[in-house]
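For reference, the structure is listed below as structure tokens.
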Amino acid sequence: MNIIVPLRQVPDLVEDLEIDASGKDLDREWLKYKINEFDDHALEEALLLKEDVGGTVTAMALDGDDVDKLLFTAAAKGADKLIKVTGDFPQPLSSHAIARALASAIQGMDYQLILIGVQAVDELDGQVGVLLAHYLGVPHVSVVTGVQVTNGKAVVHKEYAGGVMGEFEVTLPAVLGIQAARQTPRYAPVSRVRMAMRKSTIEEVSASDTAAGGTPEIRKLFKPEKGAGAQMLDGSPEEVAEKIVSILKEKGIV
């Protein structure tokens, strides 16, 4: 079974994020990037499936800064093939643009599953997998937390609000939006990544379709305004309750 896993780099949220002079984007000059958490889970689920039923795992990413390191890290974790998608990508990259570019690169490839992170921290709309399936003309299930493949079909577990789980049987090929792998994504030590850099080869595939389509207009980015802070209430439970009631009356809530 051949599995394709699109990977994406996103800003590392442990860093201090600053807004650029335009007020419409982050200042990316010194910004550090990391693999999107959900894509890391998609890669882990792909590797687990390879261990279960055999096959190959292809890690794919759109061209960009440090994308080679991202792909070599995937190889260090167990990916068999690395593909860098090149092209004149519109900026900023919308979910439509990403999906179109990936779809144009994947067209004609032999695959049974495409596992992609359900969303990314820098967009949170969860539409790349949906749009990718649409452009490829294959089934799609999102918010997936488990995958099993038997007899040319995938049985997937989908999570709904309130902890409700659904089970679907999906005809392959298909695109699955992975929320969580069956186990924590494996760690690739630096030594293994360096070994992958020496032994692995990155194939470049040109994206023939990079039309943006549906790109939202960003008017302004800003940091949330800080309030005055929390008011701590001391005393016995009865005294604290009286203070809460007094505050609510003062604010006209009760």
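The values are calculated or read from the model by the stated rules, or taken from the named source; none is laboratory data. Because the structure is a prediction, the values reported are computed rather than measured. With ideal geometry, Cβ positions are generated from the backbone for all residues, glycine too; neighbour counts draw on all protein chains shown.
On the stretch given as region 26-55, residues that are within 21 Å of Pro185 (Cα to Cα), among the aliphatic types (A, V, I, L, M) and not in a helix (DSSP H, G or I) total 1. Starting from residues that are assigned to a loop (DSSP other than H, G, I, E, B) and not aliphatic (A, V, I, L, M), keep the ones in region 101-111 and report whichever is surrounded by the most Cβ atoms within 10 Å (Cβ to Cβ). Selected residue: Tyr111.
Residues in region 1-58 that are in contact (Cβ under 8 Å) with a residue 40 or more places away in the chain and among the basic types (Lys, Arg): Arg8, Lys24, Lys50. Considering every residue within region 92-100, establish whether at least one is buried (at least 17 other Cβ atoms within 10 Å of the Cβ), among the β-branched types (Val, Ile, Thr), touching a residue at least 12 places away in the same chain (Cβ under 8 Å) and touching a helix residue (DSSP H, G or I) at 6+ places or on another chain (Cβ under 7 Å). Yes, some residue in region 92-100 is buried (at least 17 other Cβ atoms within 10 Å of the Cβ), among the β-branched types (Val, Ile, Thr), touching a residue at least 12 places away in the same chain (Cβ under 8 Å) and touching a helix residue (DSSP H, G or I) at 6+ places or on another chain (Cβ under 7 Å). Of the strands (runs of 3 or more DSSP E) lying entirely inside region 139-254, those carrying at least 1 residues that are farther than 28 Å from Thr73 by Cβ are 140-150, 153-159, 165-171. Considering Leu132, Leu136, Leu102, Leu115, the condition of being farther than 27 Å from Thr184 by Cα and of a type outside the set (Phe, Trp, Tyr) is satisfied by Leu136 alone. Within region 116-159, the residues that satisfy the criterion of being surrounded by fewer than 14 Cβ atoms within 10 Å (Cβ to Cβ) and at pLDDT below 90 are Leu124, Asp125, Thr150, Asn151, Gly152. Cβ separations smaller than 9 Å between residues 6+ apart or across chains give the following pairs from region 231-254 residues that are free of Cβ contacts under 8 Å to residues at least 24 places away in the same chain to residues that are among the charged types (D, E, K, R) and exposed (fewer than 10 other Cβ atoms within 10 Å of the Cβ): Val240/Asp234; Lys243/Asp234. Take the conditions (1) buried (at least 23 other Cβ atoms within 10 Å of the Cβ); (2) acidic (Asp, Glu); (3) at pLDDT below 90; Glu45 misses just one of them, which is (3). Please indicate, with yes or no, whether at least one residue in region 82-95 is in contact with a Ser or Thr (Cβ under 6 Å, 6 or more places away or on another chain), assigned to a loop (DSSP other than H, G, I, E, B), at pLDDT 90 or above and not small (Gly, Ala, Ser). Looking for residues that are in contact with a Ser or Thr (Cβ under 6 Å, 6 or more places away or on another chain), assigned to a loop (DSSP other than H, G, I, E, B), at pLDDT 90 or above and not small (Gly, Ala, Ser), one finds none in region 82-95, hence no. Output the residues belonging to region 56-81 that are in a loop (DSSP other than H, G, I, E, B) and of a type in the set (D, E, K, R). Asp63, Asp65, Asp66, Asp80 - these are the residues of region 56-81 that are in a loop (DSSP other than H, G, I, E, B) and of a type in the set (D, E, K, R). Residues in region 1-25 that are assigned to a strand (DSSP E or B) and under 19 Å from the mean Cα position of the chain (by Cα): Ile3, Ile4, Val5, Pro6, Leu7, Gln9, Val10, Pro11.
Might you check whether a residue that is at pLDDT below 90 and not acidic (Asp, Glu) occurs anywhere in region 49-61? No: zero hits. Being closer than 28 Å to Lys81 by Cβ, modelled with pLDDT under 90, surrounded by 13 or more Cβ atoms within 10 Å (Cβ to Cβ) and not hydrophobic (A, V, I, L, M, F, W, C) is a property that does not hold for Thr215. Out of contact with any helix residue (DSSP H, G or I) (no Cβ under 6 Å at 6 or more places or on another chain), under 28 Å from Leu26 (Cβ atoms) and at pLDDT 85 or above, is that true of Lys220? So Lys220 fits the description; yes.
Among residues of region 188-199 that are free of Cβ contacts under 8 Å to residues at least 40 places away in the same chain and surrounded by fewer than 16 Cβ atoms within 10 Å (Cβ to Cβ), none has a Cβ under 9 angstrom from a residue that is of a type in the set (D, E, K, R) and part of a helix (DSSP H, G or I) at a sequence gap of 6+ or on a separate chain.
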